Amino acid sequence: MKSNKNEPFETIYRQHHAMVLHMCLGFVKGDKDTANDLSQEIFISVWNNLDKFRGASSYKTWIYRITVNTCLQYVKKDKKEKTVPTLDVENKAATIETETNTNQNVSELYKAIGQLKKIDRLIIMMVLENQDYDKISEVIGIRHTNVRVKIYRIKKRLATILKNNKNE
């Protein structure tokens, strides 16, 4: 029975690992170690619940929901415990300066995404994953037309955050 579970899981993992990791990075403000830990936790959950997958949605939608729930639980727990002080995040961001400009821009973007509301983080991460509005609408639970408006507002907010961060 395990061999029957291994094959689909390996395929699911290969197809969705990058997406899950990027989503996690957005929720943890670019902290790669924490994002890797969350990603691993998500795929453990996928493995444990693979037999319970009903097929009511695609694997991708199912994994998005697991990812969002896991990340939101982490953010909520982290906020209560305050395990990552603001100075620690700023120090980590300062060490990234030695990396290439591309990595620095990506890091700044994830840091800015981390300053958004939880639902806005999820939406913009899905946009970065090139998800269409229908898929975003399905995962978030809002109308297709509202997705377009929210994305526009999120992009404006991100531009403001990035501009303010550069001025500091």
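Rule-based calculations on the coordinates, nothing more; no lab input. The structure displayed is predicted, hence computed values, not measured ones. Cβ sites come from the backbone with ideal geometry, for glycine too, and all protein chains shown count toward neighbours.
Things worth noting here:
- Computed extension gain for Asn105 through Tyr133, at 0.36 nm per residue and net of the alpha carbon distance, reaches 7.5 nm.
- Sorting Val139, Val149 from the fewest to the most surrounding beta carbons within 10 angstrom yields Val149, Val139.
- Net charge of the neighbourhood of Trp62, taken over other residues with C-beta under 14 Å away and scored Lys/Arg +1, Asp/Glu -1, is +3.
- Phi-based couplings in Hz for segment 150-162 (Karplus 6.51, -1.76, 1.60; Gly and Pro marked x): 4, 4, 4, 5, 5, 4, 5, 5, 4, 4, 5, 4, 4
- Using the Cβ-Cβ distance between Ile119 and Asn167 with R0 set to 25 Å, the FRET efficiency works out to roughly 0.40.
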